[in-house]
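*Asks:* Quick one: the structure is below, questions incoming.
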Amino acid sequence: MPPIIRIENLTKKFGKFTAVDHLNLEVEEGEILGLLGPNGAGKTTTILMLATVIKPTEGTAYVGGYDIRKNPDKVRELLGIAFQEPKMLWVSTPWDIVNWHAKICGLSTQERKRRVREVLEALDMWEYRHRNVHALSGGMRKRVEIAKVVIQRPKIAIVDEPTAQIDVVGKHKIWRMLRELREEGTTIILATNELYEADMLSDRVGIMHRGKLLVCDTPQRLKDSIIGGDVVEIQFEAELSPKIVEKLGQFKEVVKITKIKGSTLRLYLNRVEEVVPKIMSVLMIEGAVISSIRMSEPSLDDVFAHYTGLTLEEAEKGGG
Amino acid sequence: MVIMRAIWFVSQIAFFGLIASRMVVMEDYFRFYVSGLSVMTLYSAAIFIGFDIYEEAEHGVFEYLLSLPVSRRQLVLGRSIGGGLRAFIYVGPLMCIALYVVGITNPLNFLVALFALFLFAFGVSGLSITLAVVIKSSDRFDILMGVLDALIVRLSTAMYPLSFVKEANPFYGWIANFNPVTYASELFRWGVGIESALSFRNPLLPLLGIVLFFSFFIFLGIMLYERTIEGGGWR
């Protein structure tokens, strides 16, 4: 099946500043693609180009087979977008905003009535439906923004930092709704700078920095791509003999072993889930008594740092 | 804003209109002035949509509107019609006062004139949107609107007949001949039956002028909206 979105050399320049730099990417139908990067990485500009809100300086993208330059009207029919900053229009209440959006998207009066209620209830906004949006908190306004995409049920949904300013319970609710949307057949592009969110939701994650796509793969493969990224710390009852340490070092997945505090070993390795059983059997055969074991996988933050040389915080501050 | 405009409108009729009608040697000048004033007020209310464009750009609503599953043509047409209708809602009560003052002799003519005034208001909204997307600065737009208001209203037959304008300066008269405010004022007067002061004997001419004005600015608005806004020019 051809990809539902194909981005070819997509570039956007604002004067001398290049916001998106020759981006190439494909999005498969029905997947959730996370676009991860610090503020200013080019995620929002990419989204705005895909949504035909701004024109690319160079390159193009095909959305559902339609060229964003040549058939913007057709592209917009396939897309629904929840913006980073909630767009509150000139109408004044959550109900008005969601209802107006549903109307524009062609929902019948009867269906609109039912779904506006359904969606606002699901987002815990029904109680506040007649409150002036300007009196709502940032998180509540964000929920209204998300409600637009959920009610629209587009073929392709673009959500830009969907859970920014939203509490933990609300976040999980929105994540569940996005997953449900995907189960109904919607392809989702999730732009976020929240690593956990990208990890939790995305089938694949693309890391953007300074307008460029550095890498794009499944979260697991991205983590595995860090050589020695998995860390296993084993504490023994007694100090381990050098012969056992040497044996552990012979596994090809083990990158480095360091000894800390005499009876504790730290192993830097790849594919922890595969190699740990093998290590355990060696230790059992050798009669080493383990008092504790701790394992940690690399996070997407480590992946980001690996590819950019910066932490997300440093990148956001404009470092590097 | 509506209240302020209403106070201004009533004062113009009650003071300026009454006093000026005693000074101007012309039959039925008071009714002539009141009908012209209604068109001037409609013009200034319809032009207001341009300021909304800046506000929308500032608050990012533009991005939202541009991402909706509607064509740019529908969007500009919708905004122009919306701006025109809003102007009518604002000016509606004032128009009623004006109609009470001038009276209607032929309801059918008035309906035709009303239709033309709707087109005029939509066209002015289209003009305002066009200028707003081209200028990109709300301060400059504000100044230009002031200048345009001075020129377009003064060089029309809203306040004085075409013969007076031509007498003052033939060039002014030439401009007034091609001014949408002139066409709207003429049609309003024809609609309410102030026949004695009409500059165009055939109402089809100003009607055609209004249709052309509306079509031109809607077309231009769509074209510029696509080129300027979609290109990310408002950012």
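The values are calculated or read from the model by the stated rules, or taken from the named source; none is laboratory data. Predicted, not measured: the structure shown is a model, and the values here were computed from it. So basically every Cβ, Gly included, is an ideal-geometry build from the backbone, and we count neighbours across all protein chains shown. Ligands, DNA and RNA are stripped out before the accessible areas are found, and what is left, the full protein with its side chains, is counted by its heavy atoms. Shrake-Rupley method; radii C 1.70, N 1.55, O 1.52, S 1.80 Å.
*Asks:* I need the phi-derived Karplus couplings for segment A:140-154: 6.51 cos²θ - 1.76 cosθ + 1.60, θ = phi - 60°, integer Hz, Gly and Pro marked x.
*Replies:* Each residue of segment A:140-154 in turn: 5, 5, 5, 4, 5, 5, 5, 4, 4, 5, 5, 6, 6, 6, x Hz.
*Asks:* Step through the residues of segment B:152-162 one at a time and calculate ³J(HN,Hα) from phi using the Karplus curve (6.51 cos²θ - 1.76 cosθ + 1.60, θ = phi - 60°), rounding each to whole Hz and writing x for Gly and Pro.
*Replies:* Working through the residues one at a time gives 5, 7, 5, 8, 9, 9, 5, 10, 8, x, 4 Hz.
*Asks:* Also, I was wondering about something else. Give me the summed buried accessible area for the B-A pair, 1.4 Å probe, to the nearest 100 Å². Show your work: numbers first, answer last.
*Replies:* Details: alone 11480 and 15580 Å², together 25200 Å².
Looking at B and A, the buried total is near 1900 Å².
*Asks:* Return the aspartates and glutamates within reach of A:Lys261: Cα separation strictly under 19 angstrom, same-chain partners fewer than 8 residues apart disregarded; answer none if there are no such residues.
*Replies:* Counting by Cα, and skipping residues close in sequence, A:Lys261 has these aspartates and glutamates nearby: A:Glu233, A:Glu237, A:Glu239, A:Glu246.
*Asks:* Is the C-alpha gyration tensor of chain A telling us rounded, prolate or oblate? Criteria: a/c under 1.5 is rounded; beyond that, a/b larger than b/c is prolate, otherwise oblate. Could you put the intermediate results ahead of the total?
*Replies:* Numbers: a/c = 2.60, a/b = 1.91, b/c = 1.36.
Note, shape of chain A comes out prolate.
*Asks:* Something else about it: Over segment B:109-235, calculate the relative contact order: mean separation of alpha carbon pairs under 8 Å at least 6 apart, over the residue count, as a percent.
*Replies:* Details: 132 pairs, mean separation 50.1, N = 127.
Reported as a whole number, the value is 39 percent.
*Asks:* In straight Cα distance, which lysines are under 18 Å from A:Lys173, not counting same-chain residues fewer than 8 positions off?
*Replies:* The reachable lysines, counting only those whose Cα sits under 18 Å from A:Lys173, are A:Lys142, A:Lys148.
*Asks:* Per residue, how much accessible surface does chain A expose to a 1.4 Å probe? Answer in Å², no decimals. Please list the in-between numbers first.
*Replies:* Working: 14640 Å² over 320 residues.
In whole numbers, chain A has 46 Å² accessible per residue.
*Asks:* On C-alpha positions alone, give me the angle between the axis of helix B:49-58 and the longest principal axis of chain B, in degrees, nearest 10.
*Replies:* Its long axis makes an angle of about 20 degrees.
*Asks:* Non-local amide H neighbours of A:Ile81 (under 5 Å, H modeled in plane, Pro and chain starts lacking H): which ones?
*Replies:* Under 5 Å from the amide H of A:Ile81: A:Ile158.
*Asks:* In deg cm²/dmol and to the nearest 500, what is the mean residue ellipticity at 222 nm of chain A if only DSSP H runs of at least 4 residues count, each as -39500 (n - 2.57), divided by the residue total?
*Replies:* On the way: 12 runs with 121 residues, N = 320.
Rounded to the nearest 500, the figure is -11000 deg cm²/dmol.
*Asks:* Ok, one more. Distance cut-off 29 Å, Cα to Cα: go down the list A:Lys12/A:Lys113; A:Lys13/A:Lys171; A:Lys16/A:Lys223; A:Lys70/A:Lys155 and report the pairs above it. Could you put the intermediate results ahead of the total?
*Replies:* Numbers: A:Lys12/A:Lys113 40 Å; A:Lys13/A:Lys171 34 Å; A:Lys16/A:Lys223 35 Å; A:Lys70/A:Lys155 19 Å.
Result: A:Lys12/A:Lys113; A:Lys13/A:Lys171; A:Lys16/A:Lys223 exceed 29 Å.
*Asks:* Return the long-range amide H neighbours of A:Ala61 (sequence gap of 5 or more, or a different chain), with a cut-off of under 5 Å between placed amide H atoms.
*Replies:* Answer set, sorted by chain and number: A:Glu8, A:Ile68, A:Arg69.
*Asks:* To continue, here is another question. Can you tell me how segment B:145-220 classifies by the Cα gyration tensor, rounded, prolate or oblate, using a/c under 1.5 as the rounded cut? Can you show the working numbers first?
*Replies:* Working: a/c = 1.77, a/b = 1.08, b/c = 1.64.
Judged from the Cα gyration tensor, segment B:145-220 comes out oblate (a/c at least 1.5, b/c at or above a/b).
*Asks:* Let me ask something else. Counting pairs of alpha carbon atoms under 8 Å apart in space and at least six apart in sequence, what relative contact order in percent does chain A give?
*Replies:* 19
*Asks:* Oh, and also: So how do B:Ser128, A:Ser225 rank on accessible area, 1.4 Å probe, biggest first, that is with the largest at the start? Please list the in-between numbers first.
*Replies:* Working: B:Ser128 0, A:Ser225 40 Å².
The ranking, largest first, comes out as A:Ser225, B:Ser128.
*Asks:* Using a 1.4 angstrom probe with every protein chain in place, what is the largest-first accessible-area order of B:Leu94, B:Leu111? Spell out each step's value before the answer.
*Replies:* Working: B:Leu94 10, B:Leu111 105 Å².
Per-residue accessible area, sorted high to low, gives B:Leu111, B:Leu94.
*Asks:* Please give me, ordered by residue number, the trypsin sites (Lys or Arg not before Pro) of segment A:247-313 that lie in loop per DSSP and have at most 10 other Cβ atoms within 10 Å. Provide the component values of the computation, followed by the final result.
*Replies:* Details: sites: A:Lys247, A:Lys252, A:Lys256, A:Lys259, A:Lys261, A:Arg266, A:Arg271, A:Lys278, A:Arg294; in loops: A:Lys252, A:Lys261, A:Arg271.
Sites meeting the loop and neighbour criteria: A:Lys252, A:Lys261.
*Asks:* Got the relative contact order for segment A:1-140 handy, in percent, Cα pairs under 8 Å and 6 or more residues apart? Can you show the working numbers first?
*Replies:* On the way: 170 pairs, mean separation 26.0, N = 140.
Relative contact order here is 19 percent.
*Asks:* What's the local net charge at A:Thr11, with K and R +1, D and E -1, over the other residues with C-beta under 12 Å away?
*Replies:* Working: positive: A:Lys12, A:Lys13, A:Lys55, A:Lys212; negative: A:Glu8, A:Asp21, A:Glu58.
Around A:Thr11, the surrounding residues sum to +1.
*Asks:* What does the helix-only formula give at 222 nm for chain B: each DSSP H stretch with n ≥ 4 adding -39500 (n - 2.57), the total divided by the residues, and the result rounded to the nearest 500 deg cm²/dmol?
*Replies:* Values: 12 runs with 177 residues, N = 235.
Counting only the DSSP helices, I get -24500 deg cm²/dmol.
*Asks:* Determine the shape class of the protein assembly as shown: with a ≥ b ≥ c the square roots of the Cα gyration tensor eigenvalues, call it rounded for a/c under 1.5, and otherwise prolate if a/b is greater than b/c, oblate otherwise.
*Replies:* On the way: a/c = 3.64, a/b = 3.13, b/c = 1.16.
Judged from the Cα gyration tensor, the protein assembly as shown comes out prolate (a/c at least 1.5, a/b above b/c).
*Asks:* Still on this structure, I have one more. How many percent of the accessible area of segment A:273-314 is carbon or sulfur, using a 1.4 Å probe? Walk me through the numbers before you get to the answer.
*Replies:* Values: 1390 of 2420 Å².
Carbon plus sulfur share of accessible area: 58 percent.
*Asks:* Tally up the carbon and sulfur contribution to the accessible surface of segment B:2-232 as a whole percent, 1.4 Å probe, everything protein left in place. Write down the numbers at each step before the final one.
*Replies:* Details: 7150 of 10270 Å².
For segment B:2-232, the apolar C and S fraction of the accessible surface comes to 70 percent.
*Asks:* Could you name every residue in segment B:63-92 that has 20 Å² or more less accessible surface in the full protein assembly than in its own chain alone (probe 1.4 Å, ligands and nucleic acids excluded)?
*Replies:* With the partner chains in place, segment B:63-92 has these residues losing at least 20 Å²: B:Glu63, B:Tyr64, B:Leu65, B:Leu66, B:Ser67, B:Leu68, B:Pro69, B:Val70, B:Ser71, B:Arg72.
*Asks:* For segment B:2-232, what size does the Cα cloud have along each of its three principal axes, sorted from largest down, in whole Å?
*Replies:* Over segment B:2-232, Cα extents along the principal axes are 55, 35, 34 Å.
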